[in-house]
Amino acid sequence: MELDTGTDYVLDRQREECGVFGVYNNEDDIDVARTTYYGLYSLQHRGQESAGIAVNDEGTIVFHKDMGLVNEVFNDVVINHLKGKIAIGHVRYSTTGASLSYNAQPMVVNYRVGQMALAHNGNLVNSKALRDEMESSGAIFQSTNDTEIIVNLISRTRISSKNIEKTLEKVMGKIKGSYAIVMITPRRLIGMRDPFGIRPLCIGKIGKSYLLASESCALDTIGAKFIRDVNPGEIVLIGKDGLNSIQAKVQGDSRLCIFEFVYFARPDSYIDGTSVHQARVEAGRQLYREHPVEADMVIGVPDGGLDAALGYSRESGIPYGHGLLRNRYVGRTFIQPSQDQRESGVKIKFNPMRSEISDKRVVMIDDSIVRGTTTRKIVQMFKEAGAREVHMRISSPPYKYPCHFGIDTPSTKQLVASNYSIDRISDIIGADSLGYLSLDGLLKAPSGCKSGFCTACFNERYPMVVPMEGNKMACSTR
Ligand code: AMP
């Protein structure tokens, strides 16, 4: 395989995968920091590089954030220190170059009306222009993340009425890209979702107290009731008078990231009205209809491929087997800096169950092929472990184009489907056959979903123009 194995990235911007959480204690007996800690714990899959919690105690914000997993960054002593009425939290993963502690969130600042803390999931596509403009008027930045740009814009946007909602509406008009934001002002917890609704954000409730979370699984964990999703372009303001909402911007057609359903979200979450698990099972069923094969066993690559494997098995009648063990304590192979480390990472992470697969014709289901490293190694391991045939089935279309909206993607040089035909990829990974789910098939899977989808990673139809580094061309849009 002659793929570029370097770590160069197309844009100078960093791409981030993150999870956000917020809670406002409205006369209930809620320890807001501890609740946020458990919320972040269940959003850990959205980011494993840094974690942080900020708490508002009568207008004064205290916070703790650091590099590491939630349980590495926080302990009882730290949590007991974070006392207050409102809290927000954040987990973050980003590309290697941006893996620095000063980028950890929430970002806490003093500005003209007091203190503010803000945490953000997503990516702004006009951050360079906004930053250049602010720097040319003297602004100083301490991080390289988009969050600081948003915080600066909020501080600089002067509205005569001093209403934070008016300020945020104006800021929403200036920032372009994907964002699910939680923030603390002196008196309120605020959530906002970009006008396309690219990243998820939902609202929960315990007693009289409201919560915000990237995914509903975080609400389940702390025993909160799911109320609804934040609408695209909506700002929700939570204070002692309850929840108020402003529909600040209406885009018309929402574009929730389809990759949330494919890979990113936890299967026990519901996003925009649809169960992620159900959507994946349905994608697996459709995958069988599109790419049937005779085999003895269906196996899912843990964890992303498991639900689709169940669907493939149910639709085909081929037994579902537990044929691949995943070591749960290994980080994502995806984040290893070099190709060599990535390859040995796959072996450390996965091991086939010899007894289960020996002499069997196996259909192996995964949610996606990105660089091809994982799939190639797994197929090879299966063959070495005695599988007679390995038929690879992928529950999404070929991943060809970089995401600019919050999913970490290597450059097109490293995306195997950008460079090779499906037949050639099948050879490269050493499979007996390879089939990808069609885009139409995938779009049918989250049935009942209230949202439209961003499918740019599969068809280059970005929901908005994306300024590219080094040339004046913009990516194709809708
Ligand atoms: P690769 O070896 O690059 O082809 O990686 C494919 C594997 O990475 C699949 O098993 C996916 O579940 C997983 N994957 C897909 N997208 C991502 C992502 N953004 N971050 C981490 N892992 C991913």
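Once the Cβ-Cβ distance between Lys166 and Asp303 is put in as r, and R0 is 45 Å, what FRET efficiency do you end up with, to the nearest 0.05?
Details: r = 43 Å, r/R0 = 0.96.
Given R0 = 45 Å and the Cβ-Cβ separation, E is 0.55.
So what's the angle, to the nearest 10 degrees on a 0 to 90 scale, between helix 339-349 and the longest Cα principal axis of the chain?
Tilt of helix 339-349: around 80 degrees.
Taking neighbour counts of Cβ atoms within 10 Å as a proxy for exposure, in what order, fewest first, do Phe261, Phe350, Phe196 appear?
Values: Phe261 31, Phe350 20, Phe196 27.
Fewest-to-most ranking of Phe261, Phe350, Phe196: Phe350, Phe196, Phe261.
On the principal axes of its Cα set, how long, how wide and how thick is segment 202-260? Give whole Å, largest value first.
Between the extreme Cα coordinates on each principal axis of segment 202-260 lie 34, 29, 11 Å.
Suppose R0 equals 35 Å. What FRET efficiency, 1/(1 + (r/R0)^6) with r the Cβ-Cβ distance, do His81 and Lys444 give to the nearest 0.05? Could the numbers behind the result be given before it?
On the way: r = 49 Å, r/R0 = 1.41.
Working from the Cβ atoms, E equals 0.10.
Using the per-residue mean of other Cβ atoms lying within 10 Å as a proxy for protection, in what order, highest first, do the peptides 386-393, 24-31, 279-286 fall? Don't skip to the end; give the middle numbers.
Details: 386-393: 22.0, 24-31: 17.4, 279-286: 26.0.
Descending packing order for the listed peptides: 279-286, 386-393, 24-31.
Past the 27 Å Cα-Cα mark, which pairs from Lys166/Lys240; Lys225/Lys400; Lys176/Lys450; Lys176/Lys225; Lys349/Lys400; Lys347/Lys413? Working shown, then result.
Details: Lys166/Lys240 19 Å; Lys225/Lys400 38 Å; Lys176/Lys450 22 Å; Lys176/Lys225 32 Å; Lys349/Lys400 25 Å; Lys347/Lys413 24 Å.
From the list (Lys166/Lys240; Lys225/Lys400; Lys176/Lys450; Lys176/Lys225; Lys349/Lys400; Lys347/Lys413), the Cα-Cα distance tops 27 Å for Lys225/Lys400; Lys176/Lys225.
So for the pair Glu460, Asp423, with labels modelled 7 Å out along Cα→Cβ, what separation do we get in nm?
Going from the Glu460 label point to the Asp423 one covers 2.2 nm.
Quick one: check the C-alpha center-to-center distance for segment 125-161 versus segment 55-93, whole angstrom.
25
Assigning unit charges at the beta carbon (Lys, Arg +1; Asp, Glu -1) and nothing else, what dipole magnitude in debye, to the nearest 20, does the chain show about its Cα centre? If you can, show how the numbers build up before the last one.
On the way: 57 positive and 55 negative charges, 180 e Å.
The calculation lands at about 860 debye.
If you average the C-alpha positions of segment 177-250 and of segment 284-325 separately, how far apart do those two centres end up, in angstrom?
36
Tilt of helix 164-174 relative to the longest C-alpha principal axis of the chain, in degrees (0 to 90, nearest 10)?
50
Within 10 Å of each residue's Cβ, count the other Cβ atoms and sort Met297, Met468 from fewest upward. Show your work: numbers first, answer last.
Working: Met297 20, Met468 14.
Least to most surrounded, the residues fall as Met468, Met297.
Tell me, what HN-Hα J-couplings in whole Hz come from the Karplus equation 6.51 cos²θ - 1.76 cosθ + 1.60 at θ = phi - 60° for each residue of segment 119-125, using x for Gly and Pro?
9, 9, 10, x, 8, 8, 8
Given a cut-off of under 8 Å on Cα pairs at least six residues apart, what relative contact order in percent is computed for segment 277-471?
Values: 371 pairs, mean separation 43.8, N = 195.
Result for segment 277-471 is 22 percent.
Using only the alpha-carbon atoms, how far is helix 276-290 inclined from the longest principal axis of the chain? Give it as 0 to 90 degrees, nearest 10.
30
Enter the mean projected area of the convex hull around the alpha-carbon atoms of the chain, in nm², rounded to one decimal.
Working: hull surface 87.2 nm².
The directionally averaged projection comes out at 21.8 nm².
Classify segment 26-113 as rounded, prolate or oblate, taking a ≥ b ≥ c as the square roots of the eigenvalues of its Cα gyration tensor: rounded when a/c is under 1.5, otherwise prolate if a/b is larger than b/c and oblate if not.
On the way: a/c = 2.18, a/b = 1.37, b/c = 1.58.
In terms of gyration-tensor shape, oblate.
Using a cut-off of 13 Å between beta-carbons, work out the net charge of the residues near Ala139 (Lys and Arg +1, Asp and Glu -1, Ala139 not included). Display every interim value, and only then the final one.
Working: positive: Arg131, Arg156; negative: Asp132, Glu133, Glu135, Glu148.
Net of charged neighbours comes to -2.
In terms of the Cα gyration tensor, with a ≥ b ≥ c the square roots of its eigenvalues, is segment 200-301 rounded because a/c is under 1.5, prolate because a/b exceeds b/c, or oblate?
Oblate is the answer for segment 200-301, as a/c is 1.5 or above yet b/c matches or exceeds a/b.
Which shape class, rounded, prolate or oblate, goes with segment 277-471 when its Cα gyration tensor gives a ≥ b ≥ c as root eigenvalues, a/c under 1.5 marks rounded, and past that a/b bigger than b/c marks prolate? Intermediate values should be presented prior to the final figure.
On the way: a/c = 1.85, a/b = 1.27, b/c = 1.46.
Cα axes put segment 277-471 in the oblate bin.
Only the coordinates and a few stated rules stand behind these numbers; no lab work does. Not measured: the values here are computed from a predicted model. Using ideal geometry, Cβ is built from the backbone for each residue, glycine included, and neighbour counts are taken over all protein chains shown.
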